[in-house]
Amino acid sequence: MAELTRGVRIGVDVGQVRVGVSRSDPDGILATPLVTLARDNTAAPDAVPSDLAELAALVAEHEAVGVVVGLPVNLAGKHGPAAVHVKAYADRLVDVIAPVPVTLTDERMSTVVASRRLAERGVRGKRQRAVVDQAAAVEILQSWLDAQRRRT
């Protein structure tokens, strides 16, 4: 397997209300939280929703070489309504940030793990809701980076 290309990766946790965003260092070793974006569900069908536009701006600003989007596969390994929703979001993102590639990765349990880790650090309630999407995006990107390194 070819070595992972050097460059920043952006991790994305797509929710109905918010989008958590993380980024990696250029060497692809560590994912860190970046921002939580509010979902724009009011954009006209032919317009780019503001959250996708903000994501595209982050990809450009960090000169990202790829975007990793968490795909919510259920515990049985099946794609439910949430996965269909995320795939549609990722397809729109592909159009907005081309030629930067978008990769879907299994994100089973990322939000659960992120919530647990935040709770262990004493972050609860409203403060946790404000950052859990970023933490989930970190979990998604970090596990993807770790998997890429195990392949080389």
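As a rough guide to protection, the peptides 84-91, 117-124 ranked by mean Cβ packing within 10 Å, highest first, stand as 84-91, 117-124.
Once Rg and the Kirkwood radius are both taken over the C-alpha atoms of region 25-85, their ratio Rg/Rh works out to 1.03.
Once neighbouring chains are kept in place and the probe is 1.4 Å, which whole percent of the accessible area of region 81-152 is contributed by carbon and sulfur?
54
Amide H to amide H, with H built 1.01 Å from N, residue 39 comes under 5 Å of 18, 19, counting only residues 5 or more places away or on other chains. Dividing the summed helix terms, -39500 (n - 2.57) for each DSSP H run of n ≥ 4, by the number of residues in the chain produces a 222 nm estimate of -14500 deg cm²/dmol to the nearest 500.
Could you order 29, 10 by accessible surface area, starting with the largest, using a probe radius of 1.4 Å?
29, 10
Shown in residue order for region 22-32 are the 3J(HN,Hα) couplings computed by the Karplus curve 6.51 cos²θ - 1.76 cosθ + 1.60 at θ = phi - 60°: 10, 9, 9, 6, x, 8, x, 9, 10, 9, 10 Hz (x for Gly and Pro). For region 114-119, putting each phi into the Karplus relation 6.51 cos²θ - 1.76 cosθ + 1.60 with θ = phi - 60° gives couplings of 4, 4, 4, 5, 5, 4 Hz, in residue order, rounded to whole numbers and with x for Gly and Pro.
Relative to its residue count, region 1-54 spans a Cα convex hull of 114 Å³ per residue.
In the chain the Cα-Cα distances spread across 10 Å bins starting at 0 as 11, 42, 36, 10, 0 percent of all pairs.
Amide hydrogen proximity for residue 25: with H placed 1.01 Å from N in the peptide plane, the residues at 5 or more positions away or on another chain lying under 5 Å are 30. If you model region 89-152 as an ellipsoid using its alpha carbon gyration tensor, with each semi-axis the square root of five times an eigenvalue, the axes come out at 26, 17, 8 Å, biggest first.
In order along region 96-103, phi translates into HN-Hα couplings of 6, 10, 3, x, 5, x, 10, 10 Hz, rounded to whole numbers, per the Karplus curve 6.51 cos²θ - 1.76 cosθ + 1.60 with θ = phi - 60° and x for Gly and Pro.
The values are calculated or read from the model by the stated rules, or taken from the named source; none is laboratory data. For clarity, every value in this text was computed on a predicted model and none was experimentally measured. Using ideal geometry, Cβ is built from the backbone for each residue, glycine included, and neighbour counts are taken over all protein chains shown. Protein only, heavy atoms only, side chains kept; ligands, DNA and RNA dropped before computing areas. Shrake-Rupley method; radii C 1.70, N 1.55, O 1.52, S 1.80 Å.
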